[in-house]
Amino acid sequence: MLKCRRSGEQVVLPIFYKVEPSQVRHLKGRFGDAINAHKKNSGQMVVKEWEEALNEVSSLKGWESEKIDDGHEAALVKRVVIKVMSELKRLFHLSVPEQLVGTDDSVEQIMSKIDANFNGMWIIGIHGMGGIGKTTLAKVLYNKIGGV
């Protein structure tokens, strides 16, 4: 991943999920344990590459899950989706219209089945034959659910 980032082929957006970047940078806790375990089984050069990669990732601008809306995962997901969509639009000059035609009925039908007071995680399956707008419906759901 980082090799592709260095060559300009890939964007890396780190999410420090329930860990601080300094723990990654200084190999504290689970990261230090994992590196030490691999030192026994892997070559020194491989472990050195991992240490350097973790150090590089820890210096990248990213999100710390515990610092976003008091660790509320939905807020983290919302920010990540917004950033990813922004990057995709920038890189590929995508144009996603504000109001997509023909999705309102499907969206309303799904939204009516979702309990708005539920604060957990939703998994919604959308299936059907190709070309009927499943992907479009899923994007309309990155703007209705959670206010993305």
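The values are calculated or read from the model by the stated rules, or taken from the named source; none is laboratory data. Not measured: the values here are computed from a predicted model. Neighbour counts are summed over all protein chains in view; Cβ atoms, including those assigned to glycine, are modelled from backbone coordinates with ideal geometry. Ligands, DNA and RNA are excluded from the accessible area calculation, which covers all protein heavy atoms including side chains. Shrake-Rupley method; radii C 1.70, N 1.55, O 1.52, S 1.80 Å.
The criterion of at least 3 residues that are more than 30 Å from ASN143 (Cα to Cα) and out of contact with any strand residue (DSSP E or B) (no Cβ under 9 Å at 6 or more places or on another chain) is met, among helices (runs of 4 or more DSSP H) falling completely within segment 9-80, by 30-41, 44-59.
What number of residues in segment 48-85 are within 20 Å of ARG6 (Cβ to Cβ) and among the aliphatic types (A, V, I, L, M)? Qualifying residue count, segment 48-85: 4.
Restricted to segment 1-23, and to residues there that are open to solvent by 70 Å² or more (accessible area, probe 1.4 Å) and modelled with pLDDT of 90 or more, the residue that is nearest to the chain's Cα centre (by Cα) is ILE15.
Taking into account only those residues within segment 110-131 that are among the β-branched types (Val, Ile, Thr) and at pLDDT below 75, which is surrounded by the most Cβ atoms within 10 Å (Cβ to Cβ)? For segment 110-131, the residue satisfying everything is ILE110. Of VAL101, VAL107, VAL96, which residue is of a type outside the set (Phe, Trp, Tyr) and either within 28 Å of TYR17 (Cβ to Cβ) or at pLDDT 75 or above (or both)? Answer to the selection: VAL96. What is the residue count in segment 24-65 for residues that are open to solvent by 50 Å² or more (accessible area, probe 1.4 Å) and touching an Asp or Glu at 6+ places or on another chain (Cβ under 8 Å)? Of the residues in segment 24-65, 0 are open to solvent by 50 Å² or more (accessible area, probe 1.4 Å) and touching an Asp or Glu at 6+ places or on another chain (Cβ under 8 Å).
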